[in-house]
Amino acid sequence: MNFRRIVMFTCIWVLGLQTGFTQSIWKHGELKVTADDHYLEHSDGTPFFWLGDTAWELFHRLKTEDIRTYLDNRQKKGFNVIQAVIIPTKNGLHIPNAYGQLPLTDVDASRPNSGYFKLIDTVVQMAAARNMLMALLPAWGDNISSERPFFNVASAYTYGKFLGDRYKKSSNVIWVLGGDYPAYTVRHDWRPAWRAMAKGIEDGAGKAVLMSFHPGGTMWESALQVHNESWLDFNMIQSGHSEIDQPVWNTVTRDFNLKPVKPVIDAEPAYEDHPVHPWPEWNPSNGYFRDYEVRKQLYRSVFSGAFGVTYGHHAIWQFYSPKYEKINHADRYWYDALNRPGAYQAGYLRKLIESRPFLTRVSDQSIILEGQGEKGEYMTAFRDTARSYLMVYLPVGKRIVISGTALPGKKLKTWWFNPKTGKALSAGTKNKLTEMEFTPPVTGPGNDWVLVLDTEGMHFTTPGKMAGQ
């Protein structure tokens with residue numbers, strides 16, 4: 001693509017931006033996978049960046065007024081996808097929701113309880129009114145993937161068809177099978193039941209719908225278990241809560257390059273305020289994941305090629321309150337966790353990505369010439385295919401050297417974006433060199449930065465700001 005076409009493309013893209021997070025997503029149509037099979041966009045071609053929040057127990061533990069509080073809070077922070085499960089872990093078949101309703105009448109998969117699903121209907125509508133998608137898990141994984149599963153092939157299809165039919169007119173629903181469990185192991189193969197549920201959803205909806213599979217940890221990622229399933233539209237990984245600086249960048253890169261090509265997302269990185277300890281103990285002896293540890297994983301997955309990312313808070317997914325026993329050492333109630341720093345910072349990431357053309361992103365580690373580190377200091381870089389800009393994420397502020405030849409032109413406009421605050425500082429316009437040295441404003445651990453370089457002549461906004469702000 002020549003330089004003039006870069007400018008024309010970029011100007012058209014910038015003019016299409018709206019202020020902040022206020023634009024309506026529904027006027028652009030339903031979501032679909034892009035032509036290159038790496039990202040998501042609306043039916044009219046409008047790009048979509050997935051910023052999810054983990055709310056597994058939303059339908060099970062909260063009443064409408066608390067759900068409204070939660071959704072309002074998440075909408076203001078820029079979240080546009082809520083991940084929630086309809087039937088929780090198998091005990092959820094016998095424990096009523098906050099209104100005393102069980103999901104199934106007489107624990108019969110062919111008899112969904114309308115009283116239970118009325119709340120889900122309401123929440124789907126509430127989310128749509130806030131321009132948010134619902135990524136719905138029909139049932140937590142152990143309802144199928146266990147030695148004594150609740151669903152079999154026949155009942156999984158029946159239940160799936162009920163769900164597809166009930167929500168076929170809800171354009172803000174995406175389906176996610178699985179839920180922390182594998183699709184198969186060396187001893188058991190539950191894929192026939194998952195296939196039946198997927199087919200039931202599509203038959204009930206009367207059309208193909210976006211669908212994925214939420215895995216349990218790094219051994220059971222969807223790409224390793226169900227990548228070639230016809231119903232799987234995009235892959236999910238769970239980099240999880242057992243290890244600080246788990247190398248999510250390697251997993252995303254692997255999945256990005258698989259054939260057939262499918263989008264990939266980290267649907268469960270480390271929860272903020274979750275104990276750092278391997279499963280199943282998860283005790284606080286090694287401390288907790290705080291915003292810095294969470295932030296590093298969010299950025300490095302997106303900068304490696306993920307089409308978005310899901311944030312999570314340990315108290316919020318379970319909606320821990322005095323009514324319930326805490327799970328895995330939650331250290332605060334859910335309503336006290338709504339405004340934790342990591343939630344704000346996840347929104348800053350979305351704004352940063354959306355401030356530039358982002359459906360043409362490609363990971364390019366060759367941009368980094370000096371300064372690359374390992375684990376906590378591992379940097380990730382990408383550019384767009386038009387070479388109109390590039391970004392480098394530094395988990396630790398330090399001197400780096402990058403390749404100026406990654407972008408065309410004679411001069412480069414440079415910025416330092418602060419992931420903690422969402423603010424960008426101009427570093428001036430510099431003459432392009434083959435090797436270019438940069439040092440962020442503040443260095444050392446805990447001080448992560450994004451270096452942003454724009455090709456000469458681009459009329460981008462300040463990184464992290466939308467047109468008109």
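Every residue in the stretch 138-172 that is surrounded by fewer than 22 Cβ atoms within 10 Å (Cβ to Cβ) and closer than 21 Å to Ala98 by Cβ, please.
Selection gives Arg166 alone.
Looking at Leu338, Leu352 in this structure, which one is touching a Phe, Trp or Tyr at 6+ places or on another chain (Cβ under 9 Å) and closer than 26 Å to Val261 by Cβ?
After ruling out the rest, the residue left standing is Leu352.
In this structure, does Asp245 turn out to be assigned by TED's automatic domain parsing to the domain that holds Asn143 and on the phi > 0 side of the Ramachandran plot?
It is true that Asp245 is assigned by TED's automatic domain parsing to the domain that holds Asn143 and on the phi > 0 side of the Ramachandran plot.
Being surrounded by 14 or more Cβ atoms within 10 Å (Cβ to Cβ) and either without any contact (Cβ under 8 Å) to a residue 40 or more places away in the chain or hydroxyl-bearing (Ser, Thr, Tyr) (or both) is the filter here; which residues of the stretch 406-437 pass it?
If the condition is that a residue be surrounded by 14 or more Cβ atoms within 10 Å (Cβ to Cβ) and either without any contact (Cβ under 8 Å) to a residue 40 or more places away in the chain or hydroxyl-bearing (Ser, Thr, Tyr) (or both), then Thr414, Trp416, Asn418, Leu425, Ala427, Lys430, Lys432, Met436 are the ones that fit.
Filter the stretch 60-105 down to the residues that are farther than 24 Å from Pro149 by Cα, out of contact with any strand residue (DSSP E or B) (no Cβ under 7 Å at 6 or more places or on another chain) and not charged (D, E, K, R) and list them by number.
If the condition is that a residue be farther than 24 Å from Pro149 by Cα, out of contact with any strand residue (DSSP E or B) (no Cβ under 7 Å at 6 or more places or on another chain) and not charged (D, E, K, R), then Leu62, Thr64, Ile67, Thr69, Tyr70, Leu71, Asn73, Gln75, Ala98, Tyr99, Gly100 are the ones that fit.
If I filter the stretch 316-323 for residues that are of a type outside the set (Phe, Trp, Tyr) and under 21 Å from the mean Cα position of the chain (by Cα), do I get at least one hit? I'd like the intermediate steps shown before the answer.
Going residue by residue through the stretch 316-323, those that are of a type outside the set (Phe, Trp, Tyr) are 316, 318, 321-323.
Filter once more, so that each one left must be under 21 Å from the mean Cα position of the chain (by Cα): 316, 318.
Scanning the stretch 316-323 turns up at least one residue that is of a type outside the set (Phe, Trp, Tyr) and under 21 Å from the mean Cα position of the chain (by Cα).
Residues are listed down the side, and each one gets a yes or a no for (1) at pLDDT 95 or above; (2) over 18 Å from the mean Cα position of the chain (by Cα):
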position: Arg195; (1), (2): yes, yes
position: Leu210; (1), (2): yes, no
position: Gly217; (1), (2): no, no
position: Thr251; (1), (2): yes, no
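Look through Gly376, Gly371 and report the one residue that is at pLDDT 95 or above and surrounded by 18 or more Cβ atoms within 10 Å (Cβ to Cβ). Give the steps one after another, and end with the answer.
Values: Gly376 fails: surrounded by 18 or more Cβ atoms within 10 Å (Cβ to Cβ).
Just a single option satisfies the conditions, and that option is Gly371.
Restricting to the stretch 309-349, and then to whatever is part of a helix (DSSP H, G or I), touching a Pro at 6+ places or on another chain (Cβ under 9 Å) and of a type outside the set (Ser, Thr, Tyr), can you tell me which residue is nearest to Thr421 (Cα to Cα)?
Among them, the one singled out is Gln345.
Go through the stretch 404-437 residue by residue and tally those that are of a type in the set (Gly, Ala, Ser) and farther than 13 Å from Thr455 by Cα.
4
Working carefully through the options Lys76, Lys90, find the one that is assigned by TED's automatic domain parsing to the domain that holds Pro322, at negative phi and at pLDDT below 95.
Lys90
Within the stretch 167-197, count every residue that is in contact with a helix residue (DSSP H, G or I) (Cβ under 7 Å, 6 or more places away or on another chain) and either within 16 Å of Ser222 (Cβ to Cβ) or in a helix (DSSP H, G or I) (or both).
Qualifying residue count, the stretch 167-197: 13.
Looking only at the stretch 269-291, decide whether some residue is modelled with pLDDT of 95 or more, surrounded by 24 or more Cβ atoms within 10 Å (Cβ to Cβ), part of a strand (DSSP E or B) and not aromatic (Phe, Trp, Tyr).
Yes, the stretch 269-291 has at least one match.
Here are the criteria: (1) part of a helix (DSSP H, G or I); (2) touching a Ser or Thr at 6+ places or on another chain (Cβ under 9 Å); (3) not polar (S, T, N, Q). Tell me which single one Gly204 does not satisfy.
(2)
The values are calculated or read from the model by the stated rules, or taken from the named source; none is laboratory data. In this text the structure is predicted, and so the values were computed from the model without any measurement. FYI the Cβ positions are ideal-geometry reconstructions off the backbone, even for glycines, and counts take in every protein chain you see.
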